[in-house]
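Participant: First the structure, which I've put down as structure tokens, then a few questions once you've had a look.
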Amino acid sequence: MVETLTTCTASSRPGSPNDGDALFETDTNRIIVWDDNDSVWRVYNSDSIALNTLGTNELHYPLGLWSSASATHYISVSPEIHFDASIMDGADSANNPSDGGSVSSWGNRSGSSTSYTATQASAGSQPTWASSSNGSKPAVIFDGGDKLTLANEWTGAGDFTQITVSKSDHANKAVVTAEVGSAYASTVWWRYSGNTDDYFLGNRDAHRFETETFHMHTITRTGTTYDIRENGGSAINTATDSTTVKVGQIGNIYLEGHDGDISEILVFNSQLSNSNLSKIGDYIDAKYGLSTATFS
């Protein structure tokens, strides 16, 4: 009798595995084994090299591509969404587009069982990929009219955290990392405006990021209270709103669009602790050569 492993994909791992469950991922050609002790999938390449011992400078978390609790940048909470321009298909950097090539798909590397792959079928609305943009690291470049749409809209009715590593190509381009409300729902939104008022919470006035260099932009929500931070530290703006957050697009909504580069987007369905936010900041600093302050 020949036994074979149960199959899945990186985005369809079982939600309630048993200790020792082993599966073969058909889209990545990797073997994954559930470790109940650490509540993580141990991930192995087909050549038997354990991925969880690699990626020392990568962000590690349960269910992710890298999940070693002993790693330098390890957080115990997995993001629902993690778009990383260094790993465009969400699985292997070897599959990245050619430099300057069009981006028709951006894969989620978080290991979530829900597919959040962002795609664009129309060539005229596809952003491009740069192999060296942010601290000599890759980025996806939007021209103001480009847009990627998630396969499934992410909805957050409770606490959440959203982080982007991005820049604008214009000083009056406001980088806004989450948009909610009826008119501007379903998007990761960067709004162009020459006005003094820009919004990130329905009709709530938000801090305007006027930056033409890469920063770590962070929004967290506890209950109905939102804090927004630029490059860590303490909140530079706070607002109150109970509207459900929806993330369904990257780069454009209606007549507004992002003109600039995006290297990473992370979305969590919880408010991360300042400790975990600082660990992500350390990871981003090491990767992109930024200077993110300790979150407080």
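Participant: Which one of Ser67, Ser115 is in a loop (DSSP other than H, G, I, E, B), polar (S, T, N, Q), under 30 Å from Asp261 (Cα atoms) and at pLDDT 90 or above?
Facilitator: Within the list Ser67, Ser115, the selection yields Ser115.
Participant: Right, here's the next one. Quick check on this structure: which one of Ser132, Ser110 is of a type in the set (S, T, N, Q) and not in a loop (DSSP other than H, G, I, E, B)?
Facilitator: Ser132
Participant: Here is a further query. With respect to Asn274, determine if the residue is modelled with pLDDT of 90 or more and over 15 Å from Thr164 (Cα atoms).
Facilitator: When the stated conditions are applied, Asn274 passes them.
Participant: Please give the strands (runs of 3 or more DSSP E) falling wholly within region 150-249 in which 2 or more residues are under 20 Å from Gly260 (Cα atoms) and modelled with pLDDT under 50.
Facilitator: It comes to 173-175, 190-192, 198-201.
Participant: Here is a follow-up. Name every residue in region 63-96 that is under 21 Å from Gly251 (Cα atoms) and open to solvent by less than 40 Å² (accessible area, probe 1.4 Å), in order of residue number.
Facilitator: Correct list: Pro79, Ile81, His82, Phe83, Asp84, Ala85, Ser86, Ile87, Met88, Gly90, Asn96.
Participant: Kindly check whether there is at least one residue in region 47-57 that is within 19 Å of Lys287 (Cβ to Cβ) and modelled with pLDDT of 80 or more.
Facilitator: yes
Participant: Here's another thing I want to ask about it. From the set of residues in region 11-35 that are modelled with pLDDT under 80 and in a loop (DSSP other than H, G, I, E, B), which is least open to solvent (accessible area, probe 1.4 Å)?
Facilitator: Once the filter is applied, the top-ranked residue is Thr28.
The values are calculated or read from the model by the stated rules, or taken from the named source; none is laboratory data. Keep in mind that this is a model prediction, so the values were computed, not measured. With ideal geometry, Cβ positions are generated from the backbone for all residues, glycine too; neighbour counts draw on all protein chains shown. Quick note on the areas: whole protein, heavy atoms, side chains included, nothing else; ligands and nucleic acids left out. Shrake-Rupley method; radii C 1.70, N 1.55, O 1.52, S 1.80 Å.
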